[in-house]
Amino acid sequence: MTQLADVDAMMQQRSSGKLGVVVAATVGNIVSTTPAVSAVFSLFLVPISTEFGWPRAVVSGVLLLTAVMSAIIYPVAGRLSDKLGSRRIILLGNALFAPAIAALALSNGSVLQFYALFALVGAAGAIPSTPAYSKVISEWFDEKRGLMLGVAAGFGNGLGSTLMPIVAGLMLVQFGWRGAYVGIGLIVFWLGFPTLFVLLKDAPARLAAIKDSNDGAPPAGAATEALSGHRLDEAVATRVFWVLMAAVALGAGCMTAIFTHVVPMLMDRSIPLQSATLAISIFALVTAGWQVMTGYLLDRFYTPKVAVPMFAAAILGLLCFQYGGSMPIIYLGAALMGIGLGAEFGCLSYFVSRYFGLRSFGSIIGVFYSVVIIFQGGAPVLMDVGFDLTGSYVTSVWVLAGLLLVGTLLIVLLPEFDSQGPEKGEEAIGA
């Protein structure tokens, strides 16, 4: 009886720990780069441009810089997390990211200094990021991995991107843009760090693997079985790695390009700003919510083909958005595109964990996010180039629709997940 009670207590403690990890990852995403930097940037664009007398393109150019810095740091942070555990790396990242944001208040009118400060923000923000939290969630959960990944990333980024601009706007009015950046830095630290310190834990299997690595001992049997899988070099040598990379990069890049151009695309058709704002809100909210739904469906049906109709929905949504003759059709298009973008991010971490395992998940997901963020940074620029050349977004829309179709077809080419685990079926993923 005593042994049964001990087992029951251990199971309850483990369940409580897993719930705490989900809460910590969700809060971590709330104060990550997307809500704390990208979502609030438009509020600061005009005040900074006006104060320093810079063209707006000079100010907004830092977004591409932060993307490049993140692309460099993602794989490095992921590899360190594989070797040392995610908890200490994420805590260090939060402690660096918060003051980096606050330091933007030190901008003195030098373009070089301004870009250097944002380079620090991009580098530091890539450490306590969505792929880092996805790594922890994947190591704790197997049966409900998709759902928990969706909750932490979708709900966390969605809620953060909704609330952070509101709070930043209030601080901007009260304290100016410098004071607002200091305030955001304080929120990132005081909301993020205590929550992460108390609730974020590395999975027992990861801790056992780290201990074995440090001791030079062989794997500790069942404790590290869940962390088997491919090394980064082994994953890169497979066909699935490149098919998945192309599908997600194309999809995420195209959908981000549309997302950043919702307002100008609609206003070019004489649609009022209020209606355009509602359309982008629908797009964003569906994107956040659909990451949760995508995870749930992947857990239930356990096949990559679940994502095919979601990716196809984005194509239909894009055409409805561009050619819809009424606002309900345009809003429907925004919702369908939200389904597509939500599926892109809902699938990425899950697919990587199922095809390549958890052994080097941090390193592999870091490479994926590096490529995706470069596509996200470059696709909107190319869309504007198309506008400058043709005088409208029509040509860009058809090009993006074609690329989305290619991405959808690539998902069809992905094999089924190996029920025995990625370490069992090298041939299943096309070595």
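Counting only whole DSSP H helices of the chain, the ones at least 18 Å long by C-alpha along their axis and with mean Kyte-Doolittle hydropathy no lower than -0.5 are 2-30, 56-84, 86-102, 111-125, 156-199, 239-259, 273-301, 308-323, 327-356, 361-390, 394-413.
Between the beta carbons of ASN108 and GLU416, assuming R0 = 45 Å, the FRET efficiency works out to 0.20 to the nearest 0.05.
Ranked by the mean number of other Cβ atoms within 10 Å of their residues, highest first, the peptides 94-101, 350-357 come out as 350-357, 94-101. For the chain, the residue among PRO165, ALA235, LEU409 whose Cα projects farthest onto the positive side of the dipole built from Cβ charges is PRO165. Summary of packing: across the peptides 64-72, 289-297, the per-residue average of other C-beta atoms within 10 Å ranks them, highest first, as 289-297, 64-72. Between the beta carbons of VAL167 and SER326, assuming R0 = 56 Å, the FRET efficiency works out to 0.95 to the nearest 0.05. For the chain, a Gaussian network of Cα nodes joined below 10 Å ranks GLY53, GLY183, GLY17 by mean-square fluctuation, and the top entry is GLY53.
Applying 0.36 nm per residue to the separation of VAL263 and GLU51 and subtracting their alpha-carbon distance, the gain on full extension is 73.8 nm. The stretch between ASP233 and PHE175, if pulled fully straight at 0.36 nm per residue, gains 15.9 nm over its current Cα-Cα span. With a cut-off of 20 Å on the backbone N, no residue of region 293-326 is near the modelled label site 7 Å out from VAL385 along Cα-Cβ.
When peptides 160-169, 76-85 are sorted by average Cβ neighbour count within 10 Å, with the highest value leading, the order is 76-85, 160-169. In a reduced charge model with +1 at each Lys and Arg Cβ and -1 at each Asp and Glu Cβ, the chain shows a dipole moment near 500 debye about its Cα centre. The fraction of accessible area contributed by carbon and sulfur in region 233-346 is 74 percent, rounded to a whole number (1.4 Å probe; ligands and nucleic acids excluded).
Counting only DSSP H runs of at least 4 residues, each contributing -39500 (n - 2.57), and dividing by the residue count of the chain, the helix-based mean residue ellipticity at 222 nm comes to -26500 deg cm²/dmol.
What number, in percent, do you get for the relative contact order of region 78-222 if the mean sequence gap of Cα pairs under 8 Å and at least 6 apart is divided by its residue count? Can you show the working numbers first?
Numbers: 130 pairs, mean separation 52.1, N = 145.
Here the relative contact order equals 36 percent.
The values are calculated or read from the model by the stated rules, or taken from the named source; none is laboratory data. Here the structure is a predicted model, which is why all the values come from computation and not from measurement. Cβ atoms come from the backbone with ideal geometry, glycine included; neighbour counts cover every protein chain shown. Accessible surface areas use protein heavy atoms only, side chains included; no ligands, DNA or RNA. Shrake-Rupley method; radii C 1.70, N 1.55, O 1.52, S 1.80 Å.
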